[in-house]
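Inspection log for the structure reproduced underneath, given as structure tokens.
The values are calculated or read from the model by the stated rules, or taken from the named source; none is laboratory data. All values derive from a computational prediction rather than experimental measurement. Methodologically, a virtual Cβ is constructed for each residue, glycine included, from the backbone with ideal geometry; neighbour enumeration extends over all protein chains shown. For the accessible areas, the whole protein counts, side chains as well, though only heavy atoms, and no ligand, DNA or RNA atoms are used. Shrake-Rupley method; radii C 1.70, N 1.55, O 1.52, S 1.80 Å.
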Amino acid sequence: MKRRDVYMGGVALDAAHRGRGPYIWRFGVLQRALHAVLVVAFFVLAFTGLPLRFSCVVWAPKLMALWGGARTAGLIHRWAGGVVLACFAGYLAYAAVLLARAKDRRARLWGPDSILLQGRDFREFWQMLRWSVGKGPKPRFGRYSYREKFNYLMVFLGLGVIAATGLLLWFPEFFGRFLPGVVFNVATIVHSYQVMLLAALIVAYHFFDVHLRSTKFPLDGVMFTGRATLGYMEEEHPLVAESLGNVAAEPPSARAVADRVAPPAPRWLEVASTTLGMVFLALGVLLVVLGLWDALC
């Protein structure tokens with residue numbers, strides 16, 4: 001299979017395309033689409049809400065003007081919030097359907113392929129700490145490492161809190177019929193600080209862990225293209241790679257089915273995912289810088 005990676009200095013910019021082939025499907029279309037929509041919606045929410053949160057800072061009026069004023073920014077903010085609410089509700093419904101259809105529901109929730117944090121993840125975390133100081137072997141991860149599970153939990157809970165408080169503030173007349181006024185004051189504070197906390201965690205932890213580690217720098221686009229090389233899987237998810245067996249002789253599957261051999265990503269997708277990945281990284285850093293600007297001034 002012909003490789004069409006985007007290179008910089010002879011090294012693929014996308015870490016998911018480094019190492020020996022063939023390519024392996026890791027994420028399906030629905031997972032990738034949901035991730036892309038949430039990323040865009042999150043940044044729209046953050047950059048329309050920041051001028052309100054830090055209205056006294058010098059850059060706030062300029063950023064608000066880019067959106068066409070406070071009224072337009074508010075409308076865009078609510079539309080983006082509606083997208084997040086729809087994605088959150090849709091994901092919960094999808095997860096519920098998968099769980100209901102599962103032959104073994106316990107395995108779906110707590111099996112080796114589960115995205116939920118479990119006891120073995122804490123043991124792997126401790127093992128990773130020991131390995132980092134030369135006191136033991138490196139843990140061998142399955143489909144999801146403890147780092148990926150923490151990323152998932154962080155975003156899931158963070159967006160859940162933001163969505164719930166945002167809904168209260170969006171429709172105060174309705175919720176005010178049966179909730180005391182103090183709830184809306186608390187929701188305003190929690191909504192504002194939760195966005196800043198989630199933004200800081202995403203940039204400080206998610207971006208660093210997924211994109212800026214030495215083995216992945218400058219980015220890992222597996223969630224954009226949905227595929228990674230067998231060499232990547234052997235390094236990041238060795239237990240999954242071992243379970244694949246001899247995949248070199250298997251024909252590639254055009255359908256994105258997890259653990260099946262995948263064709264190389266088309267050139268346009270490689271360029272688009274790499275470009276968008278770099279743009280999102282820059283926006284994340286800018287988001288934290290603007291927040292610190294107010295905090296440190």
> Which order do peptides 96-104, 26-34 fall in by mean Cβ count within 10 Å, highest first?
Replying inline: 26-34, 96-104
> Cα centroids of the range 244-297 and the range 171-187: how far apart, whole angstrom?
Replying inline: 40
> Along the charge dipole of the range 206-281, Cβ charges K/R +1 and D/E -1, which of Ala272, Leu230, Val247 sits furthest on the positive end?
Replying inline: Ala272
>> Taking just the alpha carbons, could you work out the radius of gyration and Dmax for the range 180-297, both in angstroms?
In response: 19.8, 65
> Whose amide H sits under 5 Å from the amide H of Leu219, counting only residues 5 or more places off or on another chain, with H placed in the peptide plane?
Replying inline: Ala15
>> What do you get for the angle between helix 119-132 and the principal long axis of the chain? Use alpha-carbon atoms, 0 to 90 degrees, nearest ten.
In response: 70
>> Cut-off 10 angstrom, C-alpha nodes, Gaussian network model of the chain. Which of Arg71, Arg143, Arg260 fluctuates the most?
In response: Arg71
>> Just to confirm the number: angle between the C-alpha axis of helix 267-296 and the first principal axis of the chain, 0 to 90 degrees, nearest 10?
In response: 40
> Say each of Val183 and Arg78 gets a label point 7 Å from the Cα, pointing the same way as Cα to Cβ; how far apart are those two points in nm?
Replying inline: 2.0
> For the chain, what number of Lys pairs, 8 or more residues apart or on separate chains, have alpha-carbon atoms under 28 Å from each other?
Replying inline: 7
> What label, among (1) 36, 23, 20; (2) 39, 25, 19; (3) 28, 23, 18, belongs to semi-axes √(5λ) of the Cα gyration tensor in Å computed from the structure on display?
Replying inline: (1)
> In whole percent, how big is the carbon plus sulfur part of the accessible area of the chain, probe 1.4 Å, protein atoms only?
Replying inline: 69
> Do the sum for the chain: with -39,500 (n - 2.57) for every DSSP H run of n ≥ 4, divided by all residues, what is the mean residue ellipticity at 222 nm, to the nearest 500 deg cm²/dmol?
Replying inline: -20000 deg cm²/dmol
>> Quick check: the angle from helix 29-53's long axis to the longest principal axis of the chain, C-alpha only, nearest 10 degrees?
In response: 30
>> Just want the answer: with Cβ charges of +1 for Lys and Arg and -1 for Asp and Glu, which residue in Tyr91, Gly69, Phe150 is farthest toward the dipole's positive end in the range 55-171?
In response: Phe150
>> How much accessible area per residue does the chain have, counting only protein heavy atoms and a probe of 1.4 Å, in square angstrom?
In response: 55
